[in-house]
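A short write-up of the structure that comes next.
The values are calculated or read from the model by the stated rules, or taken from the named source; none is laboratory data. No experiment lies behind these values; they were computed from the predicted model shown. Cβ: placed from backbone, ideal geometry, glycine included. Neighbour counts: every protein chain shown.
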Amino acid sequence: MHLFDYSRETVSLDGEWQAIPDQYRVFEDHPIGDSLALPNAPAGDRLDFDVDDGYSIRVPSNWGEELPEFRHYEGWMWHTRRFSWSADGDDGRSFLAFGAVNYEATVWLNGELLGSHEGGYTPFAFEVTDALEAGDNVLVVRANNERREDGVPDTQTDWFNFGGVFRSVELVPVPETFVRNYRAETTLSDGQVGVAVTAWIDGPDDESTVSVRLPELDREAELSADGDGRYSAELSLDADAVTLWSPADPRLYDIELECGGDTIEDRVGFREVRVRDGDVLLNGDPVWLRGVSLHEESAGSGRALRAADVDERFQWLGELGCNFARLAHYPHSREMTRRADEEGILLWEEVPAYWDVDFGDDDVRELYHRQLRELIQRDWNRPSVALWSVANETDHDDETRNRVLSETVEFVRDLDDSRLVTAACFAEETDDGIEIRDPLADSLDVIGINEYYGWYHGDADDMRAFQDDPDGTPVVVSETGGGAKWGNHGPADERWTEEFQAAIYRDQTDAIDGNEQIAGMTPWILFDFRSPSRQNPHQRGYNRKGLLDQHGRKKQAFSVLREFYRDSTE
Ligand code: GCU
C-alpha cells in the first residue's frame, strides 16, 4: 500500500549527493574485498572506488543533465548521501520514501540492504526504523537505467532514457500505528454527494478509533474496522452544501484522517466521471475534452521538473484553453497532478505499457500491474485524474496482448471503479471508412486512438471518414499532429515547416469537429522532446511534433489549436 506522506513532517534528503558511474559493474563485486559499494568496506580496498568521493550531483536530478559527460550513459550509477539523524526518543517508526528512480533502484542504509524497486516513474518506500542510527548515517542508492527486453517499457521507446533519482527522497517519521493511506470516492445521486472513505492503518492493533473530518463542511465520522488494517465509512452530503469539482470551478476541500493521535491531511475534490452513449460526463453533464499530450521533460533538467517548469506547463495549458491533458507515457510527478486539481485540468494518466512490452511474460505482467497499482494508490484521491490508460499502441493482432489487457482493465477497475479506463489504440482503414477494430475496445469506457493522417499517411482531413456512432463508446483522439522545426518557414506543403504543421492541425480539427463519437483530443504534443530515434537535420535527437519547441517557443500550430478550442467553447 502506498505510503501517503504529503502532509507529514518529513526530513528531506534532497540536495548534494555523490555519484559514481559503474559501467562494468565492478564496484559491488570488486575482487579486492566484497561489496566495496558499502561504507563498511575496508578503507584499504577503496583503491579505485569510494562511495564518498564521487561526482557532486544534485538530487533530484537526471545524471545526464547534471554531468554532461554522462549524457548518454546507460548503466549503474551509485548515489551516496550522508546525513545525521537523532531519534527523538519516541517509539515511532521511520520510512525512507522515493518519488521515483529511473529505472531500477537498489538501496542500502548504513550497509544494510533495504531492497530494490523496478519501474522508473512510481513512488516506493522502505521501513528504516531499525536501520537508522543516531548520529551519522550513509545512504547508498544504485540506480540502473539500462533498458531491458523484459522491462515496462522494454528497450524501444520514442523518448530519451533519462536515468537517475529524479524525484524527491525523504525520511518519513510516523507513530508506531499510523494512517498509511486513504481513499475518498465520490458518487452523486438524488441530491446527495456520497463520499466513501477508506483508511489503511499500519501498526499493531490497538483500540484507537479511526475518524475522518471535513472541517469546511462541518462533518466527521468514525470509520469501522473491516479487518486487515482497513477501515471505512460512508458519508452522505447534501448536494446544496457542496461545490462539485470541475474545470470551471476546481473547488477543493480539506480532509483529515485521524487514528490514535496520528493525523494526515489532504485536499480533495468531489466530482463524478461517467460515460453515457458517446459522451463523457462530468457530474452528469457532457464534457468535450480539450486536451494536449505532454511528456515530463524540461530542457536542462530532464524529468526532474522544477516548480517553475510546472508553472510554465499549466500556463501553456491555460493559453490553449485546455480542460484536459494526457500525461504521457508514464506517471508524472505528484506536483503535476496536484496542480491539475487546483487549475481544473482533467487528466489521462498511464504507465509505460508501450509498443512491444512482453505481456506474455509472467514477471513482466506482475511488474506492469505493480506499476499501475503504485500509480493508482498515489493518485486515486486526485479529482483531476479522470482516466487510467492501460497501454499505448500495442499489437491488437496478438491474442496474448488482447487477453492480458482486457484482464488488466478489470485489475484497474478492482483498484478504482470511480474513474474511466482507456487505452491508446490504432484505427483501421476499411471499405466503410476508418474504424476501430481493436478487440480491447469492447472492454474500455473510452477508446483512445493514435492517428497521424496528414503526417505518416494519408491527408489530415481523412478523419472525416472516421466512424461516428453517437451512441457508441466515446473516443478520444489520443495522438495526432506532425513535426515542424521552430522558425522553419515555407509553403504549407513543405514538410517540417511551421506552416505544414499548422495546416495539419487546421484540417484535423475541422475533420474531428463534426464527429459526435469523438469526445475529445490530446494532440501530440505540447512541446518538442528528446528522442534518440529522431535524427534528421530538423530533429537532431528531438521529436519535433511539439506546439512549442523545447525552449518554450510557440509554433504557428499553437494558435490553430487555441482558436479551435476557443471556438468550441462558444
Ligand atoms: C506514437 C507514440 C509516441 C510517439 C509518436 C510519434 O504514436 O505513441 O510516443 O512519440 O507516435 O510518432 O511522434
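Evaluate the range 440-452: report whether one residue or more is within 16 Å of the ligand (Cβ to nearest atom), of a type in the set (S, T, N, Q), assigned to a loop (DSSP other than H, G, I, E, B) and under 20 Å from residue 328 (Cα atoms). The answer is no; no qualifying residue exists. Residues in the range 471-512 that are within 16 Å of the ligand (Cβ to nearest atom), assigned to a helix (DSSP H, G or I) and not β-branched (Val, Ile, Thr): 500, 501, 505, 508.
Out of 112, 127, one residue alone is surrounded by fewer than 22 Cβ atoms within 10 Å (Cβ to Cβ), touching a strand residue (DSSP E or B) at 6+ places or on another chain (Cβ under 7 Å) and in contact (Cβ under 8 Å) with a residue 12 or more places away in the chain. It is 127.
Tell me yes or no: at least one residue of the range 364-379 is within 16 Å of the ligand (Cβ to nearest atom), without any contact (Cβ under 8 Å) to a residue 60 or more places away in the chain and either within 30 Å of residue 558 (Cβ to Cβ) or crowded, with 22+ Cβ neighbours inside 10 Å (or both). No, the conditions are met nowhere in the range 364-379. Take residue 216 and tell me if it is of a type in the set (D, E, K, R), outside any loop (DSSP other than H, G, I, E, B), more than 31 Å from the chain's Cα centre (by Cα) and more than 18 Å from residue 380 (Cβ to Cβ). No, not satisfied. Count of the range 299-347 residues, restricted to those that are under 23 Å from residue 569 (Cβ atoms) and without any contact (Cβ under 8 Å) to a residue 24 or more places away in the chain, is 1. One residue stands out among those in the range 513-538 that are away from the ligand (no atom under 16 Å from the Cβ) and of a type in the set (A, V, I, L, M): the one that is farthest from residue 314 (Cα to Cα), which is 518.
Just one residue in the set 123, 153 is within 16 Å of the ligand (Cβ to nearest atom) and modelled with pLDDT of 95 or more; that residue is 153. Take the residues in the range 392-433 that are within 16 Å of the ligand (Cβ to nearest atom) and among the β-branched types (Val, Ile, Thr); name whichever of them is farthest from residue 363 (Cα to Cα). If we take residues in the range 392-433 being within 16 Å of the ligand (Cβ to nearest atom) and among the β-branched types (Val, Ile, Thr), then 422 is farthest from residue 363 (Cα to Cα). If I filter the range 519-537 down to residues being part of a loop (DSSP other than H, G, I, E, B) and among the hydrophobic types (A, V, I, L, M, F, W, C), which single residue comes out as nearest to residue 477 (Cα to Cα)? Per the stated criteria, the residue is 524.
Taking residue 360 as the residue in question, decide whether it is away from the ligand (no atom under 16 Å from the Cβ), modelled with pLDDT of 95 or more, surrounded by fewer than 24 Cβ atoms within 10 Å (Cβ to Cβ) and not in a helix (DSSP H, G or I). So residue 360 passes the test.
Sort out which residues of the range 456-474 are of a type in the set (A, V, I, L, M, F, W, C) and either surrounded by fewer than 20 Cβ atoms within 10 Å (Cβ to Cβ) or in contact (Cβ under 8 Å) with a residue 60 or more places away in the chain (or both), and write them in order of number. Matches in the range 456-474: 465 only.
Has the range 427-434 got at least one residue that is part of a helix (DSSP H, G or I) and without any contact (Cβ under 8 Å) to a residue 24 or more places away in the chain? No, the conditions are met nowhere in the range 427-434.
For the range 267-287, filtering for residues that are in contact (Cβ under 8 Å) with a residue 24 or more places away in the chain, assigned to a strand (DSSP E or B) and either touching a Ser or Thr at 6+ places or on another chain (Cβ under 6 Å) or among the hydrophobic types (A, V, I, L, M, F, W, C) (or both) leaves 5. Within the range 347-357, the set of residues being aromatic (Phe, Trp, Tyr) and away from the ligand (no atom under 11 Å from the Cβ) comprises 348 only. Does residue 324 satisfy the condition of being crowded, with 20+ Cβ neighbours inside 10 Å and not charged (D, E, K, R)? Yes: the conditions hold for residue 324.
Looking across the range 230-250 at every residue that is buried (at least 17 other Cβ atoms within 10 Å of the Cβ), in contact with a Gly (Cβ under 7 Å, 6 or more places away or on another chain) and not hydrophobic (A, V, I, L, M, F, W, C), the one that is farthest from residue 214 (Cα to Cα) is identified as 247. Within 19 Å of the chain's Cα centre (by Cα), away from the ligand (no atom under 16 Å from the Cβ) and assigned to a helix (DSSP H, G or I): is that true of residue 342 in this structure? Against the criterion (within 19 Å of the chain's Cα centre (by Cα), away from the ligand (no atom under 16 Å from the Cβ) and assigned to a helix (DSSP H, G or I)), residue 342 qualifies.
Taken as a whole, the range 89-107 holds at least one residue that is part of a strand (DSSP E or B), free of Cβ contacts under 8 Å to residues at least 60 places away in the same chain and buried (at least 21 other Cβ atoms within 10 Å of the Cβ).
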